[in-house]
Amino acid sequence: MRFYGLALLAGAAMLGACGGGGEKTPPADTAAKTPEAGAAAPTTSAPGAVAKIPATGQTHEVKMYGDDKGYRFDPANLTIKSGDAVKFIMVSGGPHNVAFDPATVPADSKAQLNANMDQQMAELQSPLMINPNEAYTVSFGGIKPGQYPFHCVPHLAMNMKGVITVQ
Ligand SMILES: [Cu+2]
């Protein structure tokens, strides 16, 4: 649908270019309205959409530091159970955030983990936390056992990362 609209638009642009003279505007305007009308239709959520599953178990705390010992999560490695939550707390040296790499998150839990993260900056990325005691909690409800490497986007180059193992 959208592709067809773009093709129409490109065709109209070419026609306009070939037409020459000062009458380019009216045909381009008409063509621009066509894809708009088409794009309005498919706005409902995809059939495969995943709903957030709230945590029902224990909440584990991970603190985020940036100081003279470096940028780090503490603990950087933790083991939890499916259904637990992990609360990331900004302590110093922000902004920090928590992000899971779509390429390394177990594929069978990627959509669920993404659905469990509120207020994302991007896929699998929490918002930035700037002030001390700001926190962000990730539910591991419905997350399958496996290794979930995570990192802080602003400090990835400073090796601010960790791994959550879900049992
Ligand atoms: Cu950071």
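Within 13 Å, Cβ to Cβ, of residue 126, how many net charges do the neighbouring residues add up to if Lys/Arg are +1 and Asp/Glu are -1?
Charge balance in the 13 Å sphere: -2.
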- Task: At 7 Å along the Cα-to-beta-carbon direction for both residue 131 and residue 101, put a label point, then send me their distance in nm to one decimal.
- Result: 3.4 nm
- Pairs 63/144; 110/161; 69/144; 63/110: which are spaced more than 22 Å apart, C-alpha to C-alpha? 63/144; 69/144; 63/110
- The extension gain from residue 157 to residue 79, computed as 0.36 nm times the residue separation minus the Cα-Cα distance, is 25.6 nm
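Tell me, what is the percent relative contact order of segment 62-156, built from C-alpha pairs under 8 Å that lie six or more residues apart? Walk me through the numbers on the way to the answer.
Numbers: 182 pairs, mean separation 34.8, N = 95.
Result for segment 62-156 is 37 percent.
With every protein chain kept in the model, how would you rank 165, 59 by accessible area, 1.4 Å probe, largest at the top? Could the numbers behind the result be given before it?
Numbers: 165 45, 59 75 Å².
So, going from the largest accessible area down, we get 59, 165.
The values are calculated or read from the model by the stated rules, or taken from the named source; none is laboratory data. From a predicted model like this one, the values you see are computed outputs, not experimental measurements. Ideal geometry is used to build each Cβ from the backbone, glycine not excepted, and the neighbour counts take in all protein chains shown. Areas reflect the complete protein model, heavy atoms only, side chains present, ligands, DNA and RNA absent. Shrake-Rupley method; radii C 1.70, N 1.55, O 1.52, S 1.80 Å.
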